[in-house]
Amino acid sequence: MKHAKQLPLFDLNPQASVEDKIAYNGIPASRSTFKAGLSALVHRWFRLTPSFGPDLVREMLETLECDSNDVVLDPFAGAGTTMIECQLKGIVSYGIEINPFLHFAASTCLNWEITPEDIRATLTKIHERFHQLDTTNDGDDRELNIPHIHNPTRWWRPDILAQLLRLKQTIDELSPTLAISAFLRLGLAAVLVPELTNVTLSRLQLFFIDRSSDDIQVWETFYNHILDMVSDLDNLRELGLKQTSKIILADSTQISDIRFAHPINCVITSPPYPNRYSYVWNTRPHLYFFDFFNNAQQASLLDKATIGGTWGTATSILAKGNVLPAYPIINDVVVPIITKIRESDPLMANYAMKYFNALASQIVSMESLLAEDARIAYVVGCSRLKGVYIETDTLLGKIIEGLNLGYRVDKIERIRKRNSGKDLHESIVYARKN
Ligand SMILES: C[S@@+](CC[C@H](N)C(=O)[O-])C[C@H]1O[C@@H](n2cnc3c(N)ncnc32)[C@H](O)[C@@H]1O
């Protein structure tokens, strides 16, 4: 077992309250959010709006003094920012992600053993075939496999959908290996929303827009993005890096039976925030277009299991009855807030209770995977539900200590005010085992 590392403690007083450990971090939003990843090596292959920026991961790795002797876990892997950054530094890391499309995206971003020349050669063949099918439609008497999403032409203009499906089929038919087809599918997924779909992205939602008179260029949009990805592969080859990361498709509130080769020393993660953002709703075009889902029930089941906002059936289920606190510490610190929300909105109260129960379950669930000297960093956002302020950072700090698993909160670094509200912070909650 490694010796416990000494963190630069913000407050060494064991009596200090979680509130006393609040500090401020000046990192600008341009570096802490997904926008920072839009031009960064590999991170730009696929970006999720709620992804955090690579700089933030670098900063957390530094604060936790995490290096290639450590093993990192991200239980809410999303598009894989933590694992990509770890792999660039030669650090072994594992990710857990519940959404099968995001699991695919993050896993594909971590496979750097594809030869750029093979991609270029495949791309040339795909272009010829796609162009031939697109201009003549000759020989294309195969059925187009229309995604089983409700009302597909609301999501895609019919001519664009036909082109996209032909491109997807051509990728699958002409890719010499599964790894190459995954790489090219990921490139297509990255430009699907918002470029090639009838939606635009706002902070919490996708919105449908009229694109009937837009000039939408399927091949050019796809091709230009793949060229960026291939140029990153060229650069990676020069760096000579090996694959040191793995993403597992699982529910991170139920991971106690997973066995890794080494205990985890560092956890760097960003769970969903207590707002109405639904990862399932926002990745619906990808989940259906790339055949992860073929019916609405699959989407509802995933939405029910995923932490964070819900929609449709998952919301109706949540509206029934009262969700109860799952741990004594949740009863102590979360119930008083839930009681206020419940006065005006029982659904939102259930929603917030489920959220904090799930965060606590996730922390308990990873207990058997951790080293004795584990350090953790959780990026969370505070929120306002029905006018009631939810100070997620201090609540999480109290939950982490109050679960009695031996954690002590070191500091809570508030990063920035979010656009949506003056008192809405994003924070990093740092804690460690004794
Ligand atoms: C804030 S995002 C993480 C973004 C990530 N840091 C990145 O840079 O892309 C939260 C992620 O947690 C995932 N998630 C939600 N509930 C989960 C659960 N129970 N188990 C595993 N993953 C879950 C969501 O699908 C989403 O991808």
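Overview of values
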| quantity | calculated |
| --- | --- |
| Residue 233, sole failed condition from (1) in a helix (DSSP H, G or I); (2) open to solvent by 40 Å² or more (accessible area, probe 1.4 Å) | (2) |
| Positions within segment 59-100 being part of a strand (DSSP E or B), within 12 Å of the ligand (Cβ to nearest atom) and open to solvent by less than 10 Å² (accessible area, probe 1.4 Å), in sequence order | 73, 74, 95, 96 |
| Checking residue 399 against (1) over 27 Å from residue 81 (Cβ atoms); (2) touching a residue at least 12 places away in the same chain (Cβ under 8 Å), the condition it does not meet | (1) |
| Some residue of segment 37-51 being touching a His at 6+ places or on another chain (Cβ under 9 Å) and in a loop (DSSP other than H, G, I, E, B) | yes |
| Matching option when the condition is modelled with pLDDT under 95 and hydroxyl-bearing (Ser, Thr, Tyr), among 383, 361 | 383 |
| Residue 431 buried (at least 22 other Cβ atoms within 10 Å of the Cβ) and of a type in the set (Gly, Ala, Ser) | yes |
| Cross-chain or 6+ apart pairs with Cβ under 8 Å, segment 266-289 first and without any contact (Cβ under 8 Å) to a residue 60 or more places away in the chain, then more than 8 Å from the ligand (Cβ to nearest atom) and outside any strand (DSSP E or B) | 278/303; 278/309; 278/310; 278/311 |
| Hits in segment 101-113 (condition: over 11 Å from the mean Cα position of the chain (by Cα) and either open to solvent by 20 Å² or more (accessible area, probe 1.4 Å) or at pLDDT below 95 (or both)) | 104, 107, 111, 112, 113 |
| Of all residues making up segment 251-282, the number that are in contact with a helix residue (DSSP H, G or I) (Cβ under 9 Å, 6 or more places away or on another chain) and either small (Gly, Ala, Ser) or over 27 Å from residue 113 (Cα atoms) (or both) | 17 |
| Tally, over segment 89-122, of residues that are among the hydrophobic types (A, V, I, L, M, F, W, C) and under 15 Å from residue 45 (Cβ atoms) | 10 |
| Filtered residues of segment 251-274 (kept if within 11 Å of the ligand (Cβ to nearest atom) and surrounded by 18 or more Cβ atoms within 10 Å (Cβ to Cβ)) | 251, 252, 253, 255, 268, 269, 270, 271, 272, 273 |
| Residue in segment 329-337 that is among the aliphatic types (A, V, I, L, M) and without any contact (Cβ under 8 Å) to a residue 40 or more places away in the chain present | yes |
| Count of segment 282-301 residues which are open to solvent by 20 Å² or more (accessible area, probe 1.4 Å) and either basic (Lys, Arg) or within 11 Å of the ligand (Cβ to nearest atom) (or both) | 1 |
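The values are calculated or read from the model by the stated rules, or taken from the named source; none is laboratory data. All of these numbers come straight from a predicted model, not from anything done at the bench. Don't worry about glycine lacking a Cβ; one is built from the backbone with ideal geometry, like all the others, and counts go over all protein chains shown. Accessible surface areas use protein heavy atoms only, side chains included; no ligands, DNA or RNA. Shrake-Rupley method; radii C 1.70, N 1.55, O 1.52, S 1.80 Å.
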